[in-house]
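The structure under discussion is supplied below as structure tokens; questions concerning it will follow.
Bear in mind these aren't lab numbers, they're just calculated from the coordinates by the rules spelled out. Owing to the predicted nature of the structure, the values given are computational and were not obtained by experimental measurement. Using ideal geometry, Cβ is built from the backbone for each residue, glycine included, and neighbour counts are taken over all protein chains shown.
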Amino acid sequence: MSFDGVFTHVIEKELNQELQSGRLTKIHQPYDHEIVLIIRNNGKNHKLLLSVNPTYARVHLTKMTYQNPSSPTNFCMMLRKYLEGAILEKIAQKENDRVLHFSFSRRNEVGDLENIVLVVELMGRHSTIVLLNKENHKILDCIKHVGLSQNSYRILLPGAEYIEPPKQSQQNPFKTNHTNLFETLSTTENLDANYLQQHFQGLGKDTATELAFQLAEHPNEKMKTWQSFWGDIENSPVPTLSIQGNKDFFTPLLFTTLGRNFQTFSSASELVDAFYEGKAEKDRVKQQSGDLVKKIANEKKKNELKIKKLEQTIQDAENAEQYRIKGELLTTYLYQVGRGAKKVTLPNYYEEEQPIEIGLNPALSPNQNAQKYFQRYQKLKNGNSIVKEQLAHAQKEVNYLESVLSQLEIATPQEIPFIREELIQERYLRLKTGKKKHKQSKPSQPEKFISSDGTSLLVGKNNLQNDQLTLKTARKTDVWLHAKDIPGSHVIIQSSEPSVETLHEAAQLAAYYSKYRLSSSVPVDYVAVKHVHKPNGAKPGFVIYENQKTLFVTPEKTTIEQLKKA
């Protein structure tokens with residue numbers, strides 16, 4: 001379901017109950033399209049997310065962790081200037097539209113009372129956040145600047161007068177006239193979802209479908225059904241996550257039309273937080289890592305082409321002996337080779353005098369042709385060892401790049417900067433000119449899980465974490481696991497003698513956080529940490545090991561989530 005006007009209505013009422021009269025203490029902008037406000041009310045800090053992501057626009061209280069960038073954006077600084085320390089007077093929805101007005105009051109530098117409004121418009125790719133002065137309706141700033149060339153109806157630029165989005169002609173279902181409503185319900189022949197959406201404001205497809213279904217189920221009690229439906233949403237919502245087929249839907253009530261596979265939540269914010277957690281995070285990762293994936297994929301492709309060429313060179317080198325034989329045969333039978341000939345057939349005394357055809361350059365003398373064969377033989381023989389070294393190096397490059405691509409697939413937004421830093425260190429990326437090297441305030445930490453019997457399991461989520469975890473954090477007696485012969489995370493069981501159950505759970509983690517996370521019967525090697533070593537000059541995350549044993553497991557997401565919650 002989309003974040004429609006009906007769900008916005010439920011969120012608005014919930015936020016007023018939790019936040020009204022609270023003080024805005026902190027403002028962050030972790031991503032381009034998202035603002036996080038920390039509002040203290042009734043002795044508790046509430047984290048309010050305002051997202052105008054083109055795909056996942058929403059407003060709700062959240063418990064998700066967001067990284068605070070070291071350098072705030074211009075819009076974030078404007079919000080801090082006008083809103084930090086301000087009191088949230090009220091939150092108001094414009095009719096039943098997807099527009100919320102957050103009204104704040106505060107004292108300015110000279111002590112005068114200022115009324116500032118933060119407008120959040122949740123309208124797909126046109127979603128935006130606007131900061132404006134309530135008295136003169138002038139825009140102070142907005143998260144997206146829109147000029148006349150982009151929108152002829154209104155401009156969204158600092159100093160411009162704020163013009164509201166075009167008003168809808170449909171009726172507000174929460175405020176509709178009783179007489180008109182009765183006439184509509186009584187006389188309309190086809191009260192289907194399309195009709196309801198066309199005549200009533202803020203109804204998403206799922207809401208309209210459910211309401212049409214309920215009206216059809218009670219044809220003689222349409223007025224009562226209507227009032228009951230909107231009364232429940234207004235006074236006793238039951239935020240519900242329904243699963244139908246392969247799709248998830250969030251709704252303010254349990255909708256019969258979405259089936260019986262559902263889960264209810266204590267608040268609309270909790271529901272939205274659960275619904276968008278994975279989806280929005282994937283989208284943010286895609287945005288942040290898109291350039292990395294493209295760069296690494298190109299590097300991998302170049303090395304794979306190089307491997308093909310080197311393998312062909314080695315194949316040619318294996319035939320080098322033929323060049324030496326031809327050179328010797330030409331030298332032996334020079335008198336039988338005519339000058340200017342393109343080829344000659346000679347008896348091969350290495351193969352019981354079997355005839356062998358030898359190609360010639362007609363511009364060269366017979367002796368010069370023989371020397372050319374000797375030169376080619378010598379070149380291939382001398383270069384073979386160098387080519388094998390280059391081949392081994394190119395193969396290591398491909399393995400490393402595959403491991404990075406695998407890590408990017410499972411990375412969280414917080415982990416992308418560390419992978420980027422690693423790629424800069426390994427010289428796959430250049431630090432942008434004029435940009436200072438960013439020092440991470442907190443080192444990247446492996447993720448921690450707890451097995452069924454309470455044993456700690458640590459998982460490296462990038463190559464730097466893998467090195468730190470295996471070579472420095474783990475004790476020599478701990479157990480180390482890794483998916484066999486494929487890119488993946490290092491996993492440490494912080495025990496020298498783990499139970500069989502813990503060993504299998506750790507193996508599931510190693511398989512899940514690997515390139516074969518969606519496969520079955522994934523081989524996972526395990527061995528004591530003391531048998532794991534890093535070769536000199538090896539790439540981050542690369543180790544060698546011995547004395548290992550192998551388990552075969554099928555990774556399951558539910559098991560991973562249980563280990564994370566334990």
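Please give the helix 5-19 orientation as an angle from the longest Cα principal axis of the chain, in degrees from 0 to 90, rounded to the nearest 10.
With both axes taken from Cα atoms, the answer is about 80 degrees.
Past the 28 Å Cα-Cα mark, which pairs from Lys302/Lys515; Lys81/Lys448; Lys13/Lys222; Lys63/Lys247?
Too far apart for the 28 Å limit: Lys81/Lys448.
Turning to a different aspect of this structure: Going by average Cβ neighbours within 10 Å, how do the peptides 536-545, 354-363 rank, with the highest at the top?
Ranking the peptides 536-545, 354-363 by packing returns 536-545, 354-363.
Now, a different point. Between segment 546-566 and segment 342-364, how far is it from one alpha carbon centroid to the other, in angstrom?
63
Give the peptides 529-535, 177-183 in descending order of average Cβ contacts within 10 Å, highest first.
Sorting 529-535, 177-183 by mean packing, highest first, produces 529-535, 177-183.
Looking at Tyr162, Leu391, Leu253, which one has the Cα that reaches farthest to the positive end of the dipole of the chain (charges on Cβ: Lys, Arg +1; Asp, Glu -1)?
My answer, from the dipole projection, is Leu391.
Turning to a different aspect of this structure: Checking a compactness column here: for the chain, what do you get for Rg(Cα) / (2.2 N^0.38 Å), N being the number of residues?
This ratio for the chain stands at 1.41.
Shifting gears a bit: Which pairs in the list Lys90/Lys134; Lys301/Lys539; Lys47/Lys205 are over 21 Å apart, alpha-carbon to alpha-carbon?
From the list (Lys90/Lys134; Lys301/Lys539; Lys47/Lys205), the Cα-Cα distance tops 21 Å for Lys47/Lys205.
With each run of n ≥ 4 DSSP H residues scored as -39500 (n - 2.57), what mean residue ellipticity at 222 nm is computed for the chain after dividing by its residue count and rounding to the nearest 500 deg cm²/dmol?
Value at 222 nm, helices only, nearest 500: -12500 deg cm²/dmol.
On a 26 Å Cα-Cα criterion, which of the cross-link pairs Lys372/Lys396; Lys44/Lys138; Lys286/Lys564 come out too long? Can you show the working numbers first?
On the way: Lys372/Lys396 35 Å; Lys44/Lys138 33 Å; Lys286/Lys564 24 Å.
Lys372/Lys396; Lys44/Lys138, as the Cα separations exceed 26 Å there.
Give me Cys142, Cys76 ranked fewest to most by other Cβ atoms within 10 Å of their Cβ, as a rough exposure proxy.
Numbers: Cys142 23, Cys76 20.
Fewest-to-most ranking of Cys142, Cys76: Cys76, Cys142.
Quick check: Cα centre of segment 263-302 to Cα centre of segment 462-489, how many Å?
If we compute the Cα centre of each part, the gap is 25 Å.
Additional query: As I understand it, the dipole of the chain uses +1 on the Cβ of Lys and Arg and -1 on the Cβ of Asp and Glu, about the Cα centre. Which of Leu305, Pro72, Thr558 lies farthest toward its positive end?
Of the listed residues, the answer is Leu305.
Any chance you could give the angle, 0 to 90 degrees and rounded to 10, that helix 178-187 forms with the longest Cα principal axis of the chain?
60
Something else now. Going by a ≥ b ≥ c, the root eigenvalues of the Cα gyration tensor, does segment 270-327 fall in the rounded group (a/c under 1.5), the prolate group (a/b larger than b/c) or the oblate group?
Verdict is prolate for segment 270-327.
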